[in-house]
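Following: one structure in structure tokens, then a few remarks.
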Amino acid sequence: MTVISALAALRDLEFTDGEVGAVLARARRPSHSARRRAALALAAVAAVAAGTIAAVPAGRAGLSDAVERFFAGGPTPGARLQRGEEPRWLTRAGYDAEPRVLASSGQERLIAYRQPSGGVCFTFGGDVGICTDSTDPRSLLGNQPVLPFGPTERDGDGRWILWGVALDAVKRVELRYSNAPPTDARVTNGFVLRADVDAKETARTLVAFDAAGRELARIDVRRRFELAPVGG
Amino acid sequence: MEETSVAVQVEAALAGDAAATEVLVRRVGRITLPLAVAVLGDRDEAGDVAQDVAVEALRSLGRLREPARFDPWVRTMAARMTLRAAESRRRRSRTEVSLEEAEPTQSADPTDAIAAREALRIALAPLSARQRIALVLRYVHGLSEREIATALGCRAGTVGSLLSRARDVLRQDESLLELAATPAPGGGS
């Protein structure tokens, strides 16, 4: 096969019907810039209503990211659990460090907590998780601002669940498929994303966005879904 | 004639015609996918880039001053976003499975097309992303050096150098001489 014949084959490339549908679905959504303009307008109105703009305190010395601080021994990020909501398996294990919720979907929660040894842990649903004694988030996240885990198949509809941990800058993740509109989830240092039923075959990339809608990272998740246990 | 046709499609899409919008999306795919596959070597990742280009094109269609210039406008976007994707992939953490290592899964490609693509990926491996884009615009889309320069945002002379160096690299392999000796198809919008 020569380059010229291979190049000629590129002329036949075109979108599948699924890809066309995905494009049309995405284009119908308000653009990131439109959402950002709306958010800025809302913020301006709020500032005027308040009549004053509070001085922004100078940044604290050291780490500014909640996840980085957590790894370095700082407070656990996330929302406080209501009384009695603490997972029993966690309290039985004698952990006195306060577990916190990074994200939830239905009854399932993504929880961050600290081990007695000082290590950090992220767990989803109580039986899937990861812990490390490292004080550097890059030991888990690498050079990306977001780290997906799973997927695990958990909900009654058989939908695949992708969950993960992210630095402060990431505000939204979007799972893109080969032939369907993407699904997305808000991110507050963590996310739980319910993927399409057929995501095992069609999920392609996880894209992370900041508050302004700028793309921060794009992660190939095909292998994750290929390896996901059926009925897990 | 084709310019008139695409201008009509753009006007119709702007007026809310769903069929015309779909026609434009498919047109963006035919423009972008060859570029993105040649640069990224992977149909699925190229599909992501092409979808991004199509979404951006639809959202900013109202800012296209000359509807008849839809194709050059899209080519510029496609070149820019493909180069950005290539750069992003270069920086990507090695902890992720690289695209070269990933087995083809269910794909929009038939098996023969995957084989052809793999041969192309190997052949184009020594070339830079810009050289690959210049080659595709020349030999797949049949554009002039001036038109390629518009897409890449550089001078026509720079395109000449890109193509010349690319052909020199390909000539080093006898099996690629066919490309180096083949004149580019003429014309282009």
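Values in this text are rule-based calculations from the coordinates and carry no lab data. Because the structure is a prediction, the values reported are computed rather than measured. Because the Cβ atoms are built from the backbone with ideal geometry, glycine has one as well, and the counts that use them run over all protein chains shown.
Would you pull out the residues with amide H under 5 Å of A:Ala195's amide H, same chain only if 5 or more places away, H placed 1.01 Å from N?
Amide H neighbours of A:Ala195, under 5 Å, 5+ apart: A:Trp160, A:Ile161, A:Leu162.
Pulled fully out, how much extra length does the chain show between B:Leu64 and B:Arg155, if you take 0.36 nm times their separation in residues and subtract their Cα-Cα distance?
Residue separation times 0.36 nm, minus the Cα-Cα distance, leaves 30.5 nm.
Multiplying the sequence separation of A:Asn143 and A:Glu98 by 0.36 nm and subtracting their Cα-Cα distance, what value in nm do you get?
13.4 nm
Which whole-Hz ³J(HN,Hα) couplings does region B:132-142 yield from phi under the Karplus relation 6.51 cos²θ - 1.76 cosθ + 1.60, θ = phi - 60°, glycine and proline marked x?
With the stated coefficients, region B:132-142 comes to 5, 5, 4, 4, 5, 5, 7, 9, 9, 8, x Hz.
If amide hydrogens are placed 1.01 Å from N in the peptide plane, which non-local residues have theirs closer than 5 Å to the one on A:Gly129?
Under 5 Å from the amide H of A:Gly129 lie the amide H atoms of A:Phe124, each far enough along the sequence or on another chain.
Work out the length of the dipole vector of region B:1-95 about its Cα centre, built from +1 on the beta-carbon of each Lys and Arg and -1 on the beta-carbon of each Asp and Glu, and round it to the nearest 20 debye.
580 debye
With θ set to phi - 60°, apply the Karplus curve 6.51 cos²θ - 1.76 cosθ + 1.60 along region A:204-211 and write out the HN-Hα couplings as whole Hz, x wherever there is a Gly or Pro.
10, 9, 9, 10, 9, 10, 8, 5
What are the residues whose amide H is under 5 Å from the amide H of A:Tyr177, where those residues sit 5 or more places off or on another chain and H is modelled from the backbone?
Residues meeting the amide H criterion: A:Arg204.
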